[in-house]
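Everything below concerns the one structure shown next.
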Amino acid sequence: MRHKRRSRWAVLPLAALLTAVLAGCTQAQLHGFLPGFVKGEKPVTTNTPLVDGLWVTAWIVLLIVGFTVWGLIIWTLVVYRRRKGQTGLPVQMQYNMPIEIFYTVVPLILIFGFFSFTAHDQNIIEQRYQHPDQTIEVIAKQWSWDFNYKTENVYSPGIQAQPAPGGPQGSVVESKLPTLYLPVNKKVEILLTSRDVIHSFWVPAFLYKKDMFPDRINYMSVTPERIGEYAGKCAELCGEYHSQMLFNVKIVSDKVFMQHMNQLKSEGYSGQLSDSYDRNQNLNGTGAPRENTPSK
């Protein structure tokens, strides 16, 4: 009878924790606290639900494994603890084949399961569009971004983030950040390359990033689904002013997108910027940018 009572006390903390978890989930919890999700609105891109599904499912499986292991540890500590008056070592057991097979098979199932689901979704995300509506080349440079809108034959040169005068430490002038425009509900192929060193194109709300290398092109195929403005940054330590290598992404209607393309043309940004090796397109530090002129 005492053994059963002790077992109940050992299970109570685990049951209370499980009840609290299952009592209700917020919108952030449902999406694993990932950025870019708003209740009642579409995901930022068609790819974000796939990444979110992998992330949340993995955490659910790992939490189940974790609670099972923690529960067994607590059970062992409570039920098989040394009692008053006991001396010596407990009965020694070894080569429990059922348990050893269980501890071998279950991790293998988890590993192959995570791998197969990841590979499946990755193949979908990495599939390039055969006929994209817009093709845009993003050129990384120390420490900013240039955007070639190849379909429209215009470009937008960028400078690194400028500190906000009189602002708090780390604040920047948002209006001077390079801004990448993407049309909503259109198939967009983004060509990613670098003019100098290794960089990384990262928009946290997209739940995806890719490295950028000189003389090499990586591809990102995405269909934006929710109009809005999203922060982007370089995710690869690339030099002294890496922290100021910021940009914004604006997902806009097709009408607004074309208005921006026409504005770039009227400002003289027709043509395409070269992605050939050329260090320091900006002056060092926070100074004014050098002139960017189309060369191809």
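The values are calculated or read from the model by the stated rules, or taken from the named source; none is laboratory data. Quick caveat: nothing in here was measured; it's all calculated off a predicted structure. All Cβ positions, even for glycine, are placed from backbone atoms using ideal geometry, and neighbour counts span all protein chains on display. The accessibility values were calculated without ligands, DNA or RNA, using every heavy atom of the protein model including side chains. Shrake-Rupley method; radii C 1.70, N 1.55, O 1.52, S 1.80 Å.
For the pairs Lys150/Lys233; Lys42/Lys150; Lys187/Lys250, note any where the Cα-Cα span goes beyond 24 Å. Don't skip to the end; give the middle numbers.
On the way: Lys150/Lys233 22 Å; Lys42/Lys150 28 Å; Lys187/Lys250 15 Å.
Those over the limit are Lys42/Lys150.
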>> I need the shape label for the range 35-129. Rule: rounded when a/c is under 1.5, else prolate if a/b > b/c, else oblate, with a, b, c from the alpha carbon gyration tensor.
In response: oblate
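Using heavy-atom solvent-accessible surface (probe 1.4 Å) with all chains present, what is the largest-first order of Leu273, Leu50?
Working: Leu273 5, Leu50 45 Å².
These residues rank, largest area first, as Leu50, Leu273.
Full extension from Ile73 to Leu108: what is 0.36 nm times the residue separation minus their Cα-Cα distance, to one decimal in nm? Don't skip to the answer; put the middle values down first.
Working: separation 35, 0.36 × 35 = 12.60 nm, distance 2.16 nm.
Going from the current span to full extension adds 10.4 nm.
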> Roughly how much of Tyr103 is accessible, in Å² to the nearest 10, using a 1.4 Å probe?
Replying inline: 140 Å²
> What accessible area per residue, rounded to a whole number of Å², is obtained for the range 223-276 using a probe radius of 1.4 Å?
Replying inline: 48 Å²
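Full-extension gain between Thr57 and Lys265, please, as 0.36 nm times their residue separation minus the C-alpha to C-alpha distance.
Numbers: separation 208, 0.36 × 208 = 74.88 nm, distance 4.65 nm.
So the extension gain works out to 70.2 nm.
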>> Straight-line reach only, C-alpha to C-alpha below 20 angstrom: list the aspartates and glutamates that Lys186 could link to, leaving out same-chain residues fewer than 8 apart.
In response: Glu41, Glu126, Asp133, Glu137, Glu152, Glu225, Glu229, Asp254
>> What does the extension gain come out to for Lys42 and His242, with contour length at 0.36 nm per residue minus their alpha carbon separation?
In response: 68.8 nm
> How much accessible surface does Leu54 have with a 1.4 Å probe, in Å² rounded to 10?
Replying inline: 50 Å²
> Using the Karplus equation 6.51 cos²θ - 1.76 cosθ + 1.60 (θ = phi - 60°), what ³J(HN,Hα) coupling, rounded to whole Hz, does each residue of the range 34-51 give in order, writing x for Gly and Pro?
Replying inline: 7, x, x, 9, 10, 4, x, 10, 5, x, 5, 9, 6, 8, 4, x, 5, 5
>> Amide H of Thr45 versus every other amide H placed in the peptide plane: which residues, excluding those fewer than 5 positions away on the same chain, fall under 5 Å?
In response: Glu225
> With every protein chain kept in the model, how would you rank Asp211, Asp52 by accessible area, 1.4 Å probe, largest at the top?
Replying inline: Asp211, Asp52
> How high is the FRET efficiency between Asn153 and Glu126 when r is their beta carbon distance and R₀ equals 25 Å, given to the nearest 0.05?
Replying inline: 0.40
